[in-house]
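Quick notes on the structure that follows.
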Amino acid sequence: MLLRDLLCCGWKLEAVPENATVPHNGLKVVLRAGASEARLRIFAYKVTTSGRERSHERRVEITTTYQSGLRRLASFTDIVLGIDVASGKYVGVDSRRLRLGGPTHNASSFFDLEGLSVKKGNLLINPRSATSTIFPGGIELHAFFDRSRLSEYLLNQREIHSGLYAYGGAFSGPMPVKNVTWPESISTDKTTGRLFVLSSIPKNRKPKISRAVIEAAEQEDLAKIARRQISPEQLKRILSICDEIGALGEQAVLKLERARLRKLGLDDQADRVERVSLRSVGEGYDIVSFEDDGFTKRYLEVKATIGRGFVVDVSRGEWRAARKHGDAYYLVRVISAKDSPEVFFVRNPVELENQGLVTRTAIGWKIDLRSVVKNA
């Protein structure tokens, strides 16, 4: 599947092993783009249910690790992928998991099912808490994508799982996809190698986007963006980064809600907390959870930022939802979402209008949460 998907995205087959057989796992492939070359050993596993009776959870069960006999290859970078057969989506798993396992092969990587709802052509990087000390801060990052972003992931996976990726690396953005099948026969002049070698025309690395510009985009400060003379292509990248920050914020809130309910002994309700934003963007809230009684629903609209500001913009649809749900509606501010998220809940934000903290704008409302959070 992986080799075929690379061919579908424009890579050319330059060489194959003499027997042209694709191994069951541990595929060795060389990707050449201009003067650059990446030598990869790829381990791919099917995505399965978690086996822990959590309906929202899925697992990539890693069956071979360095501790259980897998040999490191000095000239190759090891990559671990999950493949969801039903959707055709990939899950990029931090290859540091190959350091785990021991004789029991216990190196499974668990993730939330919502990640597989990533939209076509998008690359979603989601954090999840992990117990192993090999992950800094106890956070493991998973990447979710379809084949159009496979090249980008393979060539930038180290930055992605280190939390340093800003969507500007080699082959960034979705690649055009054509339906290409694996060739039934291969020319003998390509069967002289010992590895699968593919080549492609490289895309230029995009310049980094400054933190100030990202914050301006979050605040919809078009004047500041205009002064930077941002090109349409750069604007798309900025918006992609903002989407990532939003996803990080929602994931942080999702984690807190499930932890709160489990602490109350409401495991079934914890499994039913839903990140609605992954299937519908017009509900006026991002997450549906439950109050402490386990019956009453609570509707959470998450506002995440890379910075530490507490002034947020609320759309007309979100305001309508807030009016409709009253005390069951929460505005959730996540600051420093990309570095060390801090989460603040504001119940029934419509009531803040009477306190003079809500300002009408051309596209909705602006709410100042500074005094509310300070007094909480």
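List of remarks:
- Qualifying residue in region 139-156 (condition: under 13 Å from Lys89 (Cα atoms) and of a type in the set (Lys, Arg)): yes
- In region 343-358, the residues that are under 27 Å from Ala259 (Cβ atoms) and either touching a residue at least 24 places away in the same chain (Cβ under 8 Å) or among the aromatic types (Phe, Trp, Tyr) (or both): Val343, Phe344, Phe345, Val346, Asn348, Pro349
- Among the conditions (1) surrounded by 17 or more Cβ atoms within 10 Å (Cβ to Cβ); (2) closer than 30 Å to His161 by Cβ; (3) in contact with a strand residue (DSSP E or B) (Cβ under 7 Å, 6 or more places away or on another chain), Trp319 misses just one, which is (2).
- Residues located in region 44-81, provided they are surrounded by fewer than 16 Cβ atoms within 10 Å (Cβ to Cβ), among the β-branched types (Val, Ile, Thr) and over 13 Å from Asn106 (Cβ atoms): Thr48, Thr49, Thr77
- Across region 257-273, the qualifying residues are those that are in contact (Cβ under 8 Å) with a residue 40 or more places away in the chain and touching a strand residue (DSSP E or B) at 6+ places or on another chain (Cβ under 6 Å), and the one among them that is nearest to Lys119 (Cα to Cα) is Val273.
- Restricted to region 36-71, and to residues there that are assigned to a loop (DSSP other than H, G, I, E, B) and touching a residue at least 60 places away in the same chain (Cβ under 8 Å), the residue that is farthest from Arg272 (Cα to Cα) is Ser50.
The rows are residues; the columns are (1) at pLDDT below 85; (2) aliphatic (A, V, I, L, M); (3) in a helix (DSSP H, G or I).
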site	(1), (2), (3)
Lys224	yes, no, yes
Ile230	yes, yes, no
Glu233	yes, no, yes
Ala252	no, yes, yes
Leu261	no, yes, yes
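Listed here are the residues, each with its yes/no results for (1) more than 17 Å from Leu123 (Cβ to Cβ); (2) within 25 Å of the chain's Cα centre (by Cα).
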| residue | (1), (2) |
| --- | --- |
| Thr65 | yes, yes |
| Arg72 | yes, no |
| Asp78 | yes, yes |
| Ser87 | no, yes |
| Val93 | no, yes |
| Asn106 | yes, yes |
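- Across region 328-356, the qualifying residues are those that are in a helix (DSSP H, G or I) and under 31 Å from the mean Cα position of the chain (by Cα), and the one among them that is surrounded by the fewest Cβ atoms within 10 Å (Cβ to Cβ) is Ala328.
- Given (1) in contact with a Leu (Cβ under 7 Å, 6 or more places away or on another chain); (2) closer than 21 Å to Ile241 by Cβ; (3) among the aliphatic types (A, V, I, L, M); (4) not in a helix (DSSP H, G or I), index of the condition Leu154 fails: (4)
- Scan of region 5-43 for residues that are touching a Gly at 6+ places or on another chain (Cβ under 7 Å), surrounded by fewer than 17 Cβ atoms within 10 Å (Cβ to Cβ) and more than 14 Å from Val197 (Cα to Cα), ordered by number: none
- Test: residue in region 12-25 that is within 21 Å of His142 (Cα to Cα) and not in a strand (DSSP E or B): yes
- Leu300 being under 28 Å from the mean Cα position of the chain (by Cα) and either at pLDDT below 90 or over 26 Å from Gly137 (Cα atoms) (or both): no
- Condition check for Ser289: among the polar types (S, T, N, Q) and not in a strand (DSSP E or B): no
- Checking Gly173, Gly88, Gly102 one by one, the residue that is modelled with pLDDT of 90 or more, among the small types (Gly, Ala, Ser) and either touching a helix residue (DSSP H, G or I) at 6+ places or on another chain (Cβ under 7 Å) or assigned by TED's automatic domain parsing to the domain that holds Leu6 (or both) is Gly88 and no other.
- Selection of first residues in region 311-329 that are free of Cβ contacts under 8 Å to residues at least 12 places away in the same chain and of second residues that are exposed (fewer than 15 other Cβ atoms within 10 Å of the Cβ), restricted to Cβ pairs under 9 Å at least 6 apart or on distinct chains, gives an empty result.
- Filtering region 235-254 to residues that are of a type in the set (D, E, K, R) and in contact with a helix residue (DSSP H, G or I) (Cβ under 9 Å, 6 or more places away or on another chain) leaves only Glu250.
The values are calculated or read from the model by the stated rules, or taken from the named source; none is laboratory data. Values in this document were obtained by computation on a predicted structure and should not be read as measured data. We place every Cβ from the backbone using ideal geometry, glycine too, and count neighbours over all the protein chains shown.
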